[in-house]
Each structure stands twice: as structure tokens, then as C-alpha cells.
Amino acid sequence: MQKEKEQEKESKQKPAGEHEGKLFVAQKGKAICDKGTKFPQFKVSSHKKLYINDKDGAEDYLAVTENDLQFNPPAVPFGNCSVKNGQPCSFAPAGKWKKFYKDVKVLDNALLTKISELQCSVGGKIKVMDHGQKAQLSKQNFKNADAKVHSYINPLVDLEEFTDELDGENFYI
């Protein structure tokens, strides 16, 4: 009986996927080729609908999908190619991105995360170097912080007093 309950509990728990804890990639992010010398930004051409972590909808924060195979700058995006003995990059994707996040889609295109990869037909492997999202503190970050740990890091500020002051204010941090 105990064994059956354990098996039932295990079957209900969703296994942690390889994308867990990884952020989606925005157009402002940067790519890296293991054979190149430069780090271009992504160029989203598959949609103009989903913006990541930007309430104003700035084009820099468009979500990059599995079908977005262009980079900015478009000419020689990865600089000089070591496969071509230091000659300029002639990027040619060998298919679509791999290891994309299948659970979230835009116009039926899956989104990229930090672990996504793209093979170049010249021989390089392209990965996500920077997701391009911006970090912004909110009141909730301070409310969730451990006051004791914070007192060691910043002994001049009483975190509890600071969060009480934040509750009275109507501004965005």
C-alpha cells in the first residue's frame, strides 16, 4: 500500500525539464558561434506579437523563436570564422534552432532559451550568449528578501523599516 502511494506521488510530480530556470531570449540578446569572433544580436522576423519583460512593447524585447535565423548585423554576423582560416563569416544555418522551449509558442513557433542551439552549415555551433532581458527590482523583491541576510550585506539599511516605507509609497522601483 505504501509503495503504491509513493508511485502515485511520483507520477503526479512533473520532472524538472532542461529549460527550468532558463529565461526566454529577447531580440536584444546576443548569440555566440564557437568558430566566430563577434557576438551579434538576434533579429526577430517570425512575429511582432510577444514582447518579453517590457511593458511598453519595445522592439528590442520581441521574443526570439525557433524560426528566427537572422542576426543583426546581417552581413558577417559572427566576424571572422576559424573554419575558414580567419576569413569573414558566411553564416548559413543548417536547419532550425534545436533545444527550444515547446510549451510556449508564438504563431506556432516555439521560444528560445539560454540552452537553445543552432548549427551552421560551415561548421560552427551557435548558442545564446545573453538572453537580453533586463532585471528590475520591485517592491515584492524587498518583501521576499531575508532581513537577516540583508543586514549582513547592507548593515546601514533596516530592511523591515524600508519595506514599511515602500508600502506607503506609490512608485515603481
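The values are calculated or read from the model by the stated rules, or taken from the named source; none is laboratory data. Every value quoted in this text rests on a predicted model; they were computed, and no experiment measured them. So basically every Cβ, Gly included, is an ideal-geometry build from the backbone, and we count neighbours across all protein chains shown.
Tabulated results
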quantity	calculated
In segment 99-140, the residues that are in a loop (DSSP other than H, G, I, E, B) and either touching a Gly at 6+ places or on another chain (Cβ under 7 Å) or more than 21 Å from G21 (Cβ to Cβ) (or both)	L107, D108, S121, V122, G123, G124, H131, G132
Hits in segment 135-149 (condition: surrounded by 12 or more Cβ atoms within 10 Å (Cβ to Cβ) and modelled with pLDDT under 80)	K139
Criterion violated by K102 - all others in (1) touching a residue at least 24 places away in the same chain (Cβ under 8 Å); (2) more than 17 Å from D34 (Cα to Cα) satisfied	(1)
Any hit, segment 80-98, residues being under 13 Å from the mean Cα position of the chain (by Cα) and assigned to a loop (DSSP other than H, G, I, E, B)	no
Total residues in segment 54-66, condition in a loop (DSSP other than H, G, I, E, B) and either crowded, with 22+ Cβ neighbours inside 10 Å or under 16 Å from the mean Cα position of the chain (by Cα) (or both)	3
Sole residue being within 19 Å of V44 (Cα to Cα) and among the basic types (K, R), chosen from K148, K143, K96, K139	K96
Matching option when the condition is of a type outside the set (D, E, K, R) and in contact with a strand residue (DSSP E or B) (Cβ under 9 Å, 6 or more places away or on another chain), among N72, N154, N85, N144	N72
